[in-house]
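I have placed the structure first, in the form of C-alpha cells, so that the comments after it can refer back to it.
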Amino acid sequence: MKTRGEKQYVKMPAFAARLYDMLTNVKGVNKSFEEIADFIGTRLQEGRLLDAGTGPGRLIIEISKLNPGIDLYGLDISPAMLAIARKNIRTIKEIDLRIGNITKTGFADNFFDCIVSTGSFYNWDEPVDGLNEIYRILKPGKTAYIFDSQRDYNKQQLKHRLTENLSGYSFFRRKISAFFLRKQLTMTYSIPEIKDIIDHTRFSKSYAIHEIELGNLPIFVRMELTKG
C-alpha cells in the first residue's frame with residue numbers, strides 16, 4: 001500500500017528527527033502549541049489525555065505546564081522522534097510515552113478522557129481505522145480534538161503571515177521552514193475530504209469541523225469528535 005508518510009516516519013533516522021525538531025521550533029509553531037494547550041485546558045482539568053502523534057513532545061509539555069492534574073500520554077510511530085520527546089520532557093512531570101500506530105494503540109477500551117492530535121492526521125495511511133481506534137479508547141461522552149492543516153486556505157494571506165512568523169530568522173531557516181510547510185500543504189486534505197473520512201467512522205453522527213487560525217496561520221481546522 002502506498003504510504004502517506006507513516007513508513008518514512010517509522011524509519012526516520014535520528015539526525016532527521018533532530019532536524020525536524022529544530023526546523024519546527026519557531027515562534028509560530030510554538031505559539032500554536034500554546035494556543036492548543038490553552039484550548040484543551042478550558043475543557044479538561046483532570047483525567048487521562050493522549051497526544052497522538054506527539055513528535056518532539058512540545059504540545060504535551062505545554063499542556064503539562066497549564067494542567068498539572070492531567071495524566072499525560074504520548075503516542076508516536078517514530079522511535080527517533082520519541083527519543084527526542086523523552087529528552088524534551090525530562091524536566092516535566094512523568095509522561096507516559098509509547099511507540100505505536102494510531103490504528104493499533106494497545107490501550108484499553110474507554111481509557112481516555114480526552115485525545116488530541118496536531119499536524120499528523122494528514123500523514124495517517126488509514127485515517128478511517130485511526131479515527132475508529134480513537135473512538136474505541138475514548139470514554140463515552142468525551143471528545144477528541146484533531147488539529148490539522150487543510151487545503152482550502154487563502155494563499156496570499158498565508159504568504160503574508162508566514163513572512164511575519166519567520167522574520168528575524170536566518171535566510172536558510174526561513175527557506176527550509178517554508179519549504180516543509182508548503183510540502184505538507186500539498187498532502188493535506190480539503191474540508192470536504194475530511195468530512196468524507198469522518199462520515200465513514202463511528203464518529204459520523206457526532207462531530208464538528210471548525211476553520212481556525214493557529215500560530216498566526218490561517219490554514220487549520222479543528223475536528224471535534226464526540227463518542228456517543
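The values are calculated or read from the model by the stated rules, or taken from the named source; none is laboratory data. All figures in this text were calculated on a predicted structure; none of them were measured in a lab. In this analysis, Cβ positions are derived from the backbone assuming ideal geometry, glycine residues included, and neighbour counts consider all displayed protein chains.
Quick notes
- Within region 194-204, restricting attention to residues that are assigned to a loop (DSSP other than H, G, I, E, B) and touching a residue at least 40 places away in the same chain (Cβ under 8 Å), the residue that is surrounded by the most Cβ atoms within 10 Å (Cβ to Cβ) is PHE203.
- Among the conditions (1) closer than 30 Å to LEU23 by Cβ; (2) modelled with pLDDT of 95 or more, ASP196 misses just one, which is (1).
- Selection status of LEU44, modelled with pLDDT of 90 or more and part of a loop (DSSP other than H, G, I, E, B): yes
- Scanning region 66-78 turns up no residue that is among the aromatic types (Phe, Trp, Tyr) and surrounded by fewer than 21 Cβ atoms within 10 Å (Cβ to Cβ).
- Any pair with Cβ under 7 angstrom, 6 or more apart, that starts in region 171-189 at a residue that is more than 15 Å from GLY5 (Cβ to Cβ) and ends at one that is at pLDDT 90 or above: ARG174/LEU166; SER177/LEU166; ALA178/LEU162; ALA178/LEU166
- Sole exception among (1) closer than 16 Å to TYR122 by Cβ; (2) surrounded by 12 or more Cβ atoms within 10 Å (Cβ to Cβ) for LYS183, by number: (2)
- Inspection of region 144-155 identifies no residue that is among the hydrophobic types (A, V, I, L, M, F, W, C) and out of contact with any helix residue (DSSP H, G or I) (no Cβ under 7 Å at 6 or more places or on another chain).
- Test result for LYS175, within 23 Å of LEU19 (Cβ to Cβ), among the charged types (D, E, K, R) and in a helix (DSSP H, G or I): yes
- Selection within region 133-154 - under 17 Å from the mean Cα position of the chain (by Cα), over 9 Å from ILE102 (Cα atoms) and assigned to a helix (DSSP H, G or I): TYR135
- Hits in region 8-41 (condition: within 29 Å of LEU138 (Cα to Cα), free of Cβ contacts under 8 Å to residues at least 60 places away in the same chain and assigned to a helix (DSSP H, G or I)): GLN8, GLU34, ALA37, ASP38, GLY41
- Positions within region 178-193 being out of contact with any strand residue (DSSP E or B) (no Cβ under 8 Å at 6 or more places or on another chain), modelled with pLDDT of 90 or more and assigned to a helix (DSSP H, G or I), in sequence order: THR186, MET187, PRO192, GLU193
- Taking region 160-174 as the range and being in contact with a helix residue (DSSP H, G or I) (Cβ under 9 Å, 6 or more places away or on another chain) and either farther than 12 Å from ASN216 by Cβ or among the aliphatic types (A, V, I, L, M) (or both) as the test, the residues that pass are LEU162, LEU166, GLY168, TYR169, ARG173, ARG174.
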